[in-house]
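Each remark here refers to the structure printed beneath this line.
Each reported figure results from applying straightforward, stated rules to the coordinates on display, with no laboratory input. Everything numeric here is computed off the predicted structure, so don't read it as measured data. Counting neighbours? That spans all protein chains shown, and the Cβs are built from the backbone with ideal geometry, glycine included.
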């Protein structure tokens with residue numbers, strides 16, 4: 001999972017203000033509850049020195065109804081009176097948090113990115129299809145989505161019998177196929193240009209069959225059929241939404257497992273992967289990390305406890321160390337060194353080197369400190385280790 005959307009937060013001038021809160025509005029009292037949560041965070045930010053203009057800008061965003069059903073959270077980052085990032089989190093945060101500092105808390109945004117799947121939804125029938133892009137932040141131009149009309153209008157077979165029946169049936173079949181071909185061409189264009197992770201297809205069974213036959217290789221590779229949807233009215237929206245959710249969760253699981261498999265293999269052979277906070281810090285500051293992996297439990301909480309530990313950092317995101325003395329040996333003057341929460345420092349460094357990020361389920365791979373990294377390259381100075389047997393002892397080290 002890439003974190004490109006967060007990169008603008010790295011080198012933004014001036015202090016940043018970050019708010020993470022439960023934005024669930026379960027009933028009519030929901031607005032009051034969200035406002036109460038925000039007021040508590042606002043008092044914390046005032047004590048931290050956040051400017052009044054910043055607080056007003058954030059208040060306008062977080063207290064405005066978001067019309068998102070069910071439990072969810074909100075992640076907002078502001079600089080001055082400008083809102084730099086405003087994301088809905090799929091789940092409420094474990095705790096509401098607020099920071100006013102030069103470095104934003106990135107973990108909530110990473111959680112949101114971990115849940116996100118870029119997909120194209122195609123609702124097809126025998127005359128054409130409706131194309132919809134996932135999410136509200138898509139850059140896909142409107143003219144490439146919406147309705148696709150195949151243009152061939154002999155859609156119904158003639159049921160009257162006689163010498164002309166076969167001709168009408170053939171013309172109808174040909175119209176269905178030509179319409180599916182037009183839809184396939186549009187899907188191929190969108191897939192080639194915007195690279196979705198999935199193409200979800202639903203609707204008329206015969207039309208779906210023709211569509212699959214005419215799609216290019218790239219689109220067929222990521223095609224997933226989801227039953228229960230239709231261009232027509234009368235769809236059971238809750239049932240179809242659940243099936244879409246199941247398809248997306250299956251994709252997330254495959255995405256996580258692919259990374260975890262590579263990390264297990266790297267740790268098993270003692271090359272290409274590291275685990276334990278100090279070793280991850282070592283490879284992060286040398287720009288070696290391809291993918292950062294953090295364990296999370298069934299409740300969705302990180303088991304690395306990085307927010308309870310600190311690292312020392314300099315002005316550059318790759319200037320990080322486990323102690324102030326170590327940071328000074330890297331050439332960072334004492335006046336530029338500061339202590340920062342480990343989760344912020346580690347994610348900041350990963351983002352700066354275009355590393356990916358993966359949450360792995362607890363028990364899926366043995367990681368010291370609940371933290372590991374897949375590497376782009378290794379050399380003689382790279383820590384070489386193997387993962388410990390998975391036990392409750394998270395401080396056991398593998399051989400060096």
Relative packing of 43-55, 81-93, which averages over residues the other C-beta atoms within 10 Å, highest first
81-93, 43-55
With an 8 Å Cα cut-off and a minimum separation of 6 or more residues, compute the relative contact order for region 269-375 in percent.
48 percent
Once both labels are modelled 7 Å past Cα along the beta-carbon direction, what's the residue 218-residue 88 spacing in nm?
2.9 nm
Zone residues, region 200-223, relative to residue 261, backbone N less than 14 Å from point 7 Å out along Cα-to-Cβ:
none
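Can you give the Kirkwood hydrodynamic radius of region 4-115 from its Cα pairs, in Å with one decimal?
Working: mean 1/r = 0.0716 Å⁻¹.
One over the average 1/r among Cα pairs gives 14.0 Å for region 4-115.
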If each part is reduced to its alpha-carbon centroid, region 34-88 and region 319-375 end up apart, in Å, by 27 Å
Testing the spin-label approximation: label points 7 Å from Cα along Cα→Cβ at residue 354 and residue 329. State their distance in nm.
3.1 nm
Multiplying the sequence separation of residue 193 and residue 307 by 0.36 nm and subtracting their Cα-Cα distance, what value in nm do you get?
37.2 nm
Burial-style ranking of 215-222, 311-318, average other-beta-carbon count within 10 Å with highest first, yields 311-318, 215-222
Of the peptides 176-184, 367-375, how do they stack up when ordered by the mean number of other Cβ atoms within 10 Å, highest first?
367-375, 176-184
